[in-house]
Amino acid sequence: MRSPPLNIQESVLLRQRCWYQTGGEARYFGRPGSLEELQQQVDWGNAAGFPLFLMGHGSNVLFADDGFDGLVICTTGLKATEVVEPGVIEVEAGFQLEKLVDQANKLGWQGLESFPGIPGTIGGAVWGNAGAGGEDIGDRVSEVLLLEPGQGREWVDSRDLDWRYRYSGIEDRVVAAVRLRLNEGSDPQELKRRTAEVEKRKRDTQPFALRSCGCIFRNPPGQSAGALIEKSGLKGTTLGGARVSIEHANFIVNEGGATSRDIEQLIERIRSHVKKLYSVDLEREVIMPGHRGGGRS
Ligand SMILES: Cc1cc2nc3c(=O)[nH]c(=O)nc-3n(C[C@H](O)[C@H](O)[C@H](O)COP(=O)(O)OP(=O)(O)OC[C@H]3O[C@@H](n4cnc5c(N)ncnc54)[C@H](O)[C@@H]3O)c2cc1C
């Protein structure tokens, strides 16, 4: 095996890198500072035969307590932005979504006001087609720069992706950068006011002071996962250091010292309880790398 390229470390504790603050060690952990370095790291991991996991801020991820026996690449060092033409902004994958909302508001570019209070990167948001207030980020994307191991990168038209509820069709490809098309000519103060309103509503109804991954489950068609969990009486239930949030039943919070296993067991408890009471199979939204059957790995 060739020695790792620049900016890859061995044995890195994932709980120190993800939003939930749980999880064991990654065998290798890369944090590229440029798109070229991202490509080198992906190609190196691929040539060495390691499972690859891409992360941004890890705000929709529950890493296993046993860690990840492969290469985790974190994009937060990739944060260049450029206005390409009026209404079109290009952003590298690791740019923070909240900062992007602020930037668009300042330019008077309408279209991102529903997305404050999501503590992720644009790469993570696009990969999972993040949504809020009935809007999906995919509706604002015009092109995505996708990278594949050993194959370089190319700009893909948004219309060639498979946008659905919390799904983009990007799957195992890597989001290197994104171009968004927004509507010019709005009043920055008005956009700021609307964004603040959305953010306040979120802060009033979601557990912002504690670590979580946002919604644990997807909404089943025509229903709200949170409402089902609340109706089932599980709000406030604890397991080890994890609790079904009092503020929002579709959040499980780390009250301090939770293990990923605590959270995973609470997820299973909710799932079987809701299934028993309402015959509804709740599907996980949180990504669980390193867990058996846990999603992307
Ligand atoms: C308090 C709170 C509120 C939230 N509110 C919302 C909300 O309103 N709406 C919503 O949709 N989500 C919400 N979330 C969940 C989460 O913040 C979003 O899904 C966010 O977009 C994830 O971004 P991230 O950078 O943290 O991605 P990560 O959690 O690091 O990764 C998520 C997934 O994206 C993949 N990924 C990340 N970056 C890349 C890349 N560059 N290339 C390829 N794949 C990549 C990962 O492999 C993983 O499968 C919330 C979370 C929290 C903690």
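The values are calculated or read from the model by the stated rules, or taken from the named source; none is laboratory data. The structure presented is a predicted model; accordingly, all values stated were derived computationally and were not measured. Glycine also receives a Cβ, built like all others from the backbone with ideal geometry; neighbour counts cover every protein chain displayed.
Figures for the structure shown
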{"quantity": "Residues located in segment 7-28, provided they are within 15 Å of the ligand (Cβ to nearest atom), outside any loop (DSSP other than H, G, I, E, B) and surrounded by 22 or more Cβ atoms within 10 Å (Cβ to Cβ)", "calculated": "LEU14, ALA26"}
{"quantity": "Any hit, segment 156-169, residues being surrounded by 19 or more Cβ atoms within 10 Å (Cβ to Cβ), more than 10 Å from the ligand (Cβ to nearest atom) and either assigned by TED's automatic domain parsing to the domain that holds LEU107 or modelled with pLDDT of 95 or more (or both)", "calculated": "yes"}
{"quantity": "Residue that is within 22 Å of ASP65 (Cα to Cα), part of a helix (DSSP H, G or I) and of a type outside the set (Asp, Glu), where the choices are ILE267, ILE229", "calculated": "ILE267"}
